[in-house]
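Structure, as structure tokens:
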Ligand code: SF4
Ligand code: SF4
């Protein structure tokens, strides 16, 4: 398929993964991760950042991850959709974003109470997302409050509302990493997906405004057929612009993504090629590269390392070497603008409602979360896969395809050794 061709990887002078601008931090991990999502919103970054509080980033050897040391499953990242309102009309939007904020969104005081509860049981990175988080007039109050309570705060934005003034406020309230969604290397491609002409230029202006403030900024790209041919140029642009990282996401058929799935999902085989290309590039480019919500990248990394006779370590390959693919429900949770808690923003399974239970109770007791924490619960080929503990497959894509979030990942080309197809 011509439109499924991806660029070939380059060999050459390398910068070890993650040791570029996203570089390692001492006493606490490296880089940040600020999510994004389809549309902009929820993000995954499965990010990690500086050890301001002396905690290790997730899985970082020597540091304890987001929660308390005794926690088996600490909440490492909380993606918080502050609003489903957004000024763009992305055709792949997870949140089915609205031009206005909708009724029923959590009040400022409710947001503060959630933060109060959160810090009693966990120390996650809090990624403030939307919709477009800057649509909330109290966005900066919420971010500042979270920061004052010791949380590490990141945000995911489409970038278009990041004026010079907003960039300064973002810095002043202590946000440590910002992700901007970039779905093309050209205005034509990006704007077509984002639904509004001029959004490419506006996103890049937002990026520059953040950089002028000295903030750490990453680009997030949702890869689908429409931009696969530009992925090499997107990476080039990210490096040229001085981004700290490029995180790629694979389209998940949820929200508006359902309608474009048939047309836009890349095949499992192309996906595989892309991940191998990404692995090559991760050794070459001077910025942090992360394949997020592409859990089988964790398999690919291990397969490639074995072929190359090397051992994956945090020092050599960054955080991806010491964490696993899908963290939905086991290290990551998503809180919707109306207070519903899900394993991740792409997996529309309600684990609890903040109006009925505390976040802590939901995190510790929800049936869905407990089920997702045990890789042996997985079914189909993921259930017998020798990589299931480091990969787990995308639970949201499994759910979209089969209606069962423990089902097999439909976009993985790998055939586990023990897998016998019916
Ligand atoms: S289910 Fe897992 S891999 Fe899939 S989108 Fe959610 S966190 Fe990412
Ligand atoms: S079969 Fe499932 S667990 Fe194994 S690599 Fe593929 S997605 Fe991951």
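The values are calculated or read from the model by the stated rules, or taken from the named source; none is laboratory data. These numbers were taken from a predicted model, which means no experiment stands behind them. Using ideal geometry, Cβ is built from the backbone for each residue, glycine included, and neighbour counts are taken over all protein chains shown.
Tabulated values for the structure
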item	result
Subset of the range 337-352 [within 14 Å of ligand 1 (Cβ to nearest atom) and in contact (Cβ under 8 Å) with a residue 60 or more places away in the chain]	343, 344, 345, 346, 347, 348
Given (1) surrounded by fewer than 24 Cβ atoms within 10 Å (Cβ to Cβ); (2) modelled with pLDDT of 95 or more; (3) under 22 Å from the mean Cα position of the chain (by Cα); (4) away from ligand 2 (no atom under 16 Å from the Cβ), number of the condition residue 367 does not satisfy	(3)
Residue tally, condition part of a loop (DSSP other than H, G, I, E, B) and either in contact (Cβ under 8 Å) with a residue 12 or more places away in the chain or under 22 Å from residue 179 (Cα atoms) (or both), over the range 282-326	11
In the range 338-347, the residues that are assigned to a loop (DSSP other than H, G, I, E, B) and modelled with pLDDT of 95 or more	338, 339, 343
Enumeration of residues in the range 184-201 that are under 22 Å from the mean Cα position of the chain (by Cα) and either outside any helix (DSSP H, G or I) or buried (at least 23 other Cβ atoms within 10 Å of the Cβ) (or both)	184, 185, 190, 193, 194, 195, 199, 200
Selection count, the range 294-335, where residues are at pLDDT below 90, within 16 Å of ligand 2 (Cβ to nearest atom) and buried (at least 24 other Cβ atoms within 10 Å of the Cβ)	1
Residue list for the range 222-249, restricted to those being surrounded by fewer than 23 Cβ atoms within 10 Å (Cβ to Cβ) and within 16 Å of ligand 1 (Cβ to nearest atom)	224, 248
Identity of the residue in the range 382-395, crowded, with 20+ Cβ neighbours inside 10 Å and part of a helix (DSSP H, G or I), that ends up farthest from ligand 2 (Cβ to nearest atom)	395
Given (1) within 19 Å of residue 265 (Cα to Cα); (2) more than 10 Å from ligand 2 (Cβ to nearest atom); (3) over 21 Å from the mean Cα position of the chain (by Cα), number of the condition residue 413 does not satisfy	(2)
Some residue of the range 212-219 being touching a residue at least 12 places away in the same chain (Cβ under 8 Å), in a helix (DSSP H, G or I) and surrounded by fewer than 24 Cβ atoms within 10 Å (Cβ to Cβ)	yes
Long-range neighbours under 6 Å by Cβ, at least six apart or interchain, first residue under 16 Å from residue 157 (Cβ atoms) and in contact (Cβ under 8 Å) with a residue 40 or more places away in the chain within the range 232-256, second assigned to a loop (DSSP other than H, G, I, E, B) and within 16 Å of ligand 2 (Cβ to nearest atom)	249/293
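Condition check ((1) over 20 Å from the mean Cα position of the chain (by Cα); (2) closer than 29 Å to residue 313 by Cα; (3) free of Cβ contacts under 8 Å to residues at least 24 places away in the same chain; (4) within 10 Å of ligand 2 (Cβ to nearest atom)) across all residues:
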site	(1), (2), (3), (4)
375	yes, yes, yes, yes
378	yes, yes, no, yes
397	no, yes, no, yes
402	yes, no, yes, no
